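One structure is given here, and the rest of the page talks about it.
The values are calculated or read from the model by the stated rules, or taken from the named source; none is laboratory data. Predicted model, so just to flag it, every value in this text is computed and none were measured. Cβ placement follows ideal geometry from the backbone for every residue including glycine, while neighbour counts extend to all protein chains displayed.
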Amino acid sequence: MDEEVMAALVGVLEALWRINAEWPDKPCTLAKLSKQSERPMSVLRRQLTMLVDAGWIELRLEEGGVAGTVLLTESGRQLGRELFA
């Protein structure tokens with residue numbers, strides 16, 4: 001994976017980390033993450049797929065696949081602590 005792609009993925013993780021820190025008891029919606037990470041939904045969804053494959057997040061889509069929530073996995077939280085805390 002090239003550096004530009006990794007930087008983009010880290011940007012999504014950082015946005016999710018900040019959202020999770022600010023609202024720890026609320027799930028992060030795709031819409032909120034799209035806005036916070038300043039990415040169009042189509043780009044965000046592709047990046048989220050890579051983060052799911054890496055084991056750093058869990059993506060829960062609602063029926064129809066348009067809306068959903070994103071959660072950091074334990075390894076994603078550990079990576080976040082190393083990178084952002």
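Against the definition (closer than 12 Å to Ile57 by Cα, modelled with pLDDT of 95 or more, part of a helix (DSSP H, G or I) and in contact with a strand residue (DSSP E or B) (Cβ under 9 Å, 6 or more places away or on another chain)), how does Leu13 come out, yes or no? Yes: the conditions hold for Leu13. Residues in segment 62-81 that are surrounded by fewer than 14 Cβ atoms within 10 Å (Cβ to Cβ) and more than 15 Å from Asn20 (Cα to Cα): 6 in all.
Among the numbered conditions (1) on the phi > 0 side of the Ramachandran plot; (2) surrounded by 13 or more Cβ atoms within 10 Å (Cβ to Cβ), the only one that Glu38 does not meet is (2). Pairing residues of segment 46-66 that are at positive phi with residues that are surrounded by fewer than 14 Cβ atoms within 10 Å (Cβ to Cβ), at Cβ distances under 7 Å and at least 6 apart in sequence or on separate chains, gives Gly55/Ser75. Just so you know, in segment 37-61 the residues that are assigned to a strand (DSSP E or B) and of a type outside the set (Val, Ile, Thr) include one that is farthest from Trp17 (Cα to Cα), and it is Leu61. If you go through segment 5-19 and pick out every residue that is β-branched (Val, Ile, Thr) and crowded, with 17+ Cβ neighbours inside 10 Å, you end up with 2.
State all residues of segment 1-45 that are small (Gly, Ala, Ser) and touching a residue at least 24 places away in the same chain (Cβ under 8 Å); if no residue qualifies, say none. Passing the criteria: Ala8, Gly11, Ala31, Ser37.
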